[in-house]
Amino acid sequence: MSSENKLLNNLNSEQKKAVLDTEGPNLIVAGAGSGKTRVLTTKLAYIINENKAWPNQILCVTFTNKAAREMQNRVLGFIKGENSAVPWLGTFHSISVKFLRRHAEAIGFKSNFTILDTDDQKKLIKKICEAENIDAKKISPQFILAFIDNWKNKGLMFEDVKVKKNNPLEKQILKVYSIYQKKTKDLNAMDFGDLILFTVKLFENNNEIAEIYRKNFKYILVDEYQDTNFIQNKWLQLLVNSNQNICCVGDDDQSIYSWRGAEIKNFLTFDKIYPNCKVYKLEQNYRSTRNILDTASGLISNNNSRVGKKLWSSGTTGEPVKLNCYSNGKEEAEGVGDIIENKIKNKYSLNNVSILVRAIYQTREFEERFLKIGLGYRVLGGIRFYERAEIKDAICYLRIVNQKFDDLALERVIGVPKKGVGDATLKKIYEFGAKRKLCLEDAIINLIELNQFKPKIKNTFSILIKMLEKWRHEAKKMKHFDLLKLILDESGYSALIKNKKDIENENRLENLKELIRAMQEYDNLQNFLEHVSLATTADQEWEGEKISLMTMHAAKGLEFDVVFLPGWEEGIFPHQKSLQEKGDFALEEERRLAYVGITRAKKEAFLSFAMRRAYQGDWMDAIPSRFINELPESNIEKNEIMEKERDDDFDFNQDKAIDFGEEYRSPGWDRLKKKLVKWKK
C-alpha cells in the first residue's frame, strides 16, 4: 500500500477531497463529531509526505496547547522517518512569542521580555488606580482588564481608542490603559493580549520582516477558525503569501465565545476575504445517534447566520431525545437523579454521564440531590456550590448569628468585607480569650470595655458586635432566608459585590440568590445549617465513578454517552441578559450553544424544563424555552409528567407567557404559545 493510500485509508470521500486539495484558500466546515482533527492532521502529514513543503514551512495554529500537543503526536505518527522535524505548530500566543523573541528590538523591547499572568496584571492595575485616585472598590481591576483586553482584541493601542465625551467611565479606563502600557514597556513585559497585538504591529510596521515569514510559510492551517477574533484574523492575513495556501477548519454552528471576543463573521465572510476559496462540508458524524443529530440539526436550522449543513450518521437511529417537564426546579433535580439511578447507571459508566447547564449556579439543586441519594459527582470548570467563597462567607454570617461560640465563623466574618483588622490584632484577641476561657466574640467585647484597641479598630468591632446582637434579635422574628438578605445588606457584603463591575461578581450575586432559594426549602436556620454542614463534610472524593456537572460553554470539545440538559426556560436559556444586551445576535449564539449541548451526547440526551422556579422568596411562572418548539417532533419523546394536571395552587399567567420574549421571538414562537396552556393542563 502506498504512503498516500495508507494516509487516506480511514477518510470518507469528503474528508479525502479536503485533504488532497492543498493549493489556494480552503474552508472546511466541520460539523460536530465529523473528524475535523483527523482531517487537519492528515492534511498536514500529506503536505509533508508528498514533499510539497518542509515541516518548518508549515504554520499550524490551534486554540489550546493541549490540541497542539495532540496534533503534533498524531503528525509524528503519520509522517515518514526522514521528515521527523515538526512544523510551526501551536496557539496564536505561543507562535507570537517565537516571532517577538526574534524581533523584539523592532518594537522597542528586549528579547528576554517577561510575560505577565492575570495576577500580575491585576496588581499593576491596582497600583495605577491607587496612584490615580480611582476607587478599586467601584471599578475592579478585573473590569478594567476586560476593557483593555477587548480593545487589544480589536487591534487598538491606547492612542487608537475613541471614547465618547459623555462616557466618563471609559475615559478613566482609557487613562489607565495608557499608563498600563507605559509601565509594562518600562518593565520589559507583555501580557497575553500584547503578544498577538504586538506581532501584528511588528508585521504592519516592518514589511521586510513580515515578508521573510510570508515566503517561508508555504502553507497555513488553522483549527477552530470560528473562534478567532479581529486581531487573530488580522495576524493570519499578514502571514498569508501570494499563493494564499490557507486552510481554515471550524464549525460556524459551534461559535459560542463572542463574550471572549470571537467574531463569527471571520468564518462567514471567509469567501469574501479569499474570493477563490473552496468550501468542503464535513457532515458525516461519527459520534452521535441519528435521533440526536436530527434534533440538533432541526434546532440550528432556525439560525440565519450560518454556512449551512446537515449532520448525518450511518449509525443507529438510537433512543429518541427525551423532553421532560417538571413542576419545579427541585422536582427536576429529583427526576434527573431518579433517571440516572434507575436507568442510566445500569447501562453506562457514570464517568460518561454529564449534566450541562447554562449558568454554573444551576448545579446547586443537582449537587444537593446527588449528595442525598449518594451519587458521585464532579463540578468541572467550577467549584462545588457550598465551597464557593461567597457562599462560605454568607454561611459564616449565619453561623455566628446562630451561636456566638463559633470562633471560626466570626474570624471569617471579620475579614469580609475587610475591616482593617490584621493578624496581630486577631492574635491578641485569641491570647486574651485563651487566658480567660472566652470565645472570640466575648474576648472582643471585654477588650472594647477595657479600651485595649486603637480607636479605629474599637469602632469597627463595636459596630460589628451591635450588628450581631441586632441580627440575633431579628432572627427570632424573621424568616431565616429574609434574615440572610438583611445581613448581606447591613454588613456591606452586597454592596461589596455589586460595586465591583465584572462578570465574576455577577456570578457571585447569582450564587447568593441561589443560596437564598436553597434556604427556603428548610423550616428554620438550624435545620439549614445542619444540612450545609452535612453537605460540606460528606466524602468529597467518592469512591468509583462520577457524574460531570458543567456549563455548556465548558463542555465544548467533550463527549459523553448520556447528556442531561436541564433548565430550558425563557430567561435562563436563552439567557435574558444576553438577549437584552445583544438582541437577535445573542439569540443565534444561544441557539448555537444549545446545538453544542445536544451534540455532546453520543447515545442518549435528556432535555427538561420546569413550570415554575423559586425567585427571591416567591414562586415565579417559568416559560418553556422557545428552543423547545424548534425541536423536530419526530425525534422527541415527551414524558408523562407533561400530561399531568397542573397543581391546584399554581396560577398560570397566560398573558405573561404570551408577552415574554416578544421582542426576540423566533420561528415557532407562536406555536409554542399555543402549547403552553396545553402543557399546564
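The values are calculated or read from the model by the stated rules, or taken from the named source; none is laboratory data. All values reported here derive from a predicted model rather than from experimental measurement. Note that each Cβ is placed from the backbone with ideal geometry, even for glycine, and that neighbours are counted across all protein chains shown. All accessible areas refer to the heavy atoms of the entire protein, side chains included, with ligands and DNA or RNA removed. Shrake-Rupley method; radii C 1.70, N 1.55, O 1.52, S 1.80 Å.
Condition first: hydroxyl-bearing (Ser, Thr, Tyr) and either assigned to a loop (DSSP other than H, G, I, E, B) or at pLDDT 90 or above (or both). Can you find one or more residues in the stretch 569-587 that meet it?
Taking the stretch 569-587 as the starting set, the residues that turn out to be hydroxyl-bearing (Ser, Thr, Tyr) are 578.
Keeping just the survivors that are either assigned to a loop (DSSP other than H, G, I, E, B) or at pLDDT 90 or above (or both) gives none.
Within the stretch 569-587, none of the residues are hydroxyl-bearing (Ser, Thr, Tyr) and either assigned to a loop (DSSP other than H, G, I, E, B) or at pLDDT 90 or above (or both).
Conditions: (1) under 19 Å from residue 29 (Cβ atoms); (2) hydrophobic (A, V, I, L, M, F, W, C); (3) at pLDDT 95 or above; (4) open to solvent by 20 Å² or more (accessible area, probe 1.4 Å). Residue 273 meets all but one. Number of the miss?
Looking at each condition in turn, residue 273 falls short on (3).
Looking at the stretch 144-173 only, could you name the residues that are closer than 25 Å to residue 200 by Cα and among the hydrophobic types (A, V, I, L, M, F, W, C)?
144, 145, 146, 147, 148, 151, 156, 157, 158, 161, 163, 173 - these are the residues of the stretch 144-173 that are closer than 25 Å to residue 200 by Cα and among the hydrophobic types (A, V, I, L, M, F, W, C).
List every residue pair whose Cβ atoms lie under 8 Å apart, where the two residues are 6 or more positions apart in sequence or sit on different chains, the first residue falls within the stretch 327-356 and is over 13 Å from residue 560 (Cβ atoms), and the second residue, located anywhere, is part of a helix (DSSP H, G or I) and at pLDDT 95 or above.
If the second residue must be part of a helix (DSSP H, G or I) and at pLDDT 95 or above, the pairs left are 333/366; 336/366; 337/366.
Mind checking which residues of the stretch 208-235 are part of a loop (DSSP other than H, G, I, E, B) and either open to solvent by 20 Å² or more (accessible area, probe 1.4 Å) or of a type in the set (Lys, Arg) (or both)?
218, 224
Output the number of the condition that residue 358 fails; it satisfies all remaining conditions of (1) surrounded by fewer than 24 Cβ atoms within 10 Å (Cβ to Cβ); (2) within 20 Å of residue 556 (Cα to Cα).
Going through (1) surrounded by fewer than 24 Cβ atoms within 10 Å (Cβ to Cβ); (2) within 20 Å of residue 556 (Cα to Cα) one by one, residue 358 breaks only (1).
Would you check which residues across the stretch 340-354 are closer than 17 Å to residue 322 by Cα and either touching a Cys at 6+ places or on another chain (Cβ under 7 Å) or small (Gly, Ala, Ser) (or both) and list them?
354
Look at residue 481 and say whether it is touching a helix residue (DSSP H, G or I) at 6+ places or on another chain (Cβ under 8 Å) and at pLDDT below 90.
no
Using the structure shown, decide if residue 118 is under 14 Å from residue 185 (Cα atoms), under 32 Å from the mean Cα position of the chain (by Cα), of a type outside the set (A, V, I, L, M) and open to solvent by 40 Å² or more (accessible area, probe 1.4 Å).
So residue 118 fails the test.
Is there any pair linking a residue in the stretch 622-636 that is touching a residue at least 12 places away in the same chain (Cβ under 8 Å) to one that is hydroxyl-bearing (Ser, Thr, Tyr), with Cβ under 6 Å and at least six apart or on different chains, and which?
As it stands, the answer is 626/666; 631/295; 635/295, since those pairs meet every condition given.
Here's the yes/no breakdown for (1) acidic (Asp, Glu); (2) touching a Pro at 6+ places or on another chain (Cβ under 7 Å); (3) outside any strand (DSSP E or B); (4) surrounded by fewer than 17 Cβ atoms within 10 Å (Cβ to Cβ):
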| residue | (1), (2), (3), (4) |
| --- | --- |
| 287 | no, no, yes, no |
| 291 | no, yes, yes, no |
| 297 | no, no, yes, no |
| 310 | no, no, yes, yes |
| 323 | no, no, no, no |
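Out of curiosity, is residue 155 of a type outside the set (Ser, Thr, Tyr), open to solvent by less than 70 Å² (accessible area, probe 1.4 Å) and touching a Leu at 6+ places or on another chain (Cβ under 8 Å)?
Spelling it out, residue 155 is indeed of a type outside the set (Ser, Thr, Tyr), open to solvent by less than 70 Å² (accessible area, probe 1.4 Å) and touching a Leu at 6+ places or on another chain (Cβ under 8 Å).
Please enumerate the residues belonging to the stretch 494-533 that are in contact (Cβ under 8 Å) with a residue 40 or more places away in the chain, more than 30 Å from residue 259 (Cβ to Cβ) and not in a helix (DSSP H, G or I).
520, 521, 522, 524
Kindly list the number of the only condition in (1) of a type in the set (A, V, I, L, M); (2) under 24 Å from residue 487 (Cα atoms); (3) buried (at least 22 other Cβ atoms within 10 Å of the Cβ) that fails for residue 353.
Result: residue 353 passes all but (2).
Among the residues that make up the stretch 236-248, is at least one of them open to solvent by less than 10 Å² (accessible area, probe 1.4 Å), part of a helix (DSSP H, G or I), under 21 Å from residue 71 (Cα atoms) and touching a residue at least 24 places away in the same chain (Cβ under 8 Å)?
yes
Pick from 172, 142: which is of a type outside the set (D, E, K, R) and either loosely packed, with under 15 Cβ neighbours inside 10 Å or more than 25 Å from the chain's Cα centre (by Cα) (or both)?
172
Could you tell me whether the stretch 462-475 includes any residue that is within 30 Å of the chain's Cα centre (by Cα), open to solvent by 60 Å² or more (accessible area, probe 1.4 Å) and without any contact (Cβ under 8 Å) to a residue 12 or more places away in the chain?
No, that holds for no residue.
Condition first: of a type in the set (S, T, N, Q) and either modelled with pLDDT of 95 or more or open to solvent by 20 Å² or more (accessible area, probe 1.4 Å) (or both). Now tell me which residues in the stretch 255-265 satisfy that.
Correct list: 258 only.
Specify which of the listed residues (216, 245, 229) is within 25 Å of residue 590 (Cα to Cα) and not hydrophobic (A, V, I, L, M, F, W, C).
Unique residue meeting the criteria: 229.
Can you report the number of residues in the stretch 388-414 which are open to solvent by 70 Å² or more (accessible area, probe 1.4 Å) and touching a residue at least 40 places away in the same chain (Cβ under 8 Å)?
1
Check every one of the helices (runs of 4 or more DSSP H) wholly within the stretch 1-65 and list those with 3 or more residues that are more than 30 Å from residue 196 (Cβ to Cβ) and at pLDDT 90 or above. Steps first, answer last, please.
Details: elements: 3-8, 13-20, 36-49.
Where helices (runs of 4 or more DSSP H) fall fully within the stretch 1-65 and carry at least 3 residues being more than 30 Å from residue 196 (Cβ to Cβ) and at pLDDT 90 or above, they are 13-20.
From the list 561, 523, which residue is at pLDDT below 90 and either surrounded by fewer than 20 Cβ atoms within 10 Å (Cβ to Cβ) or aromatic (Phe, Trp, Tyr) (or both)?
Being at pLDDT below 90 and either surrounded by fewer than 20 Cβ atoms within 10 Å (Cβ to Cβ) or aromatic (Phe, Trp, Tyr) (or both) holds for just one of 561, 523, which is 523.
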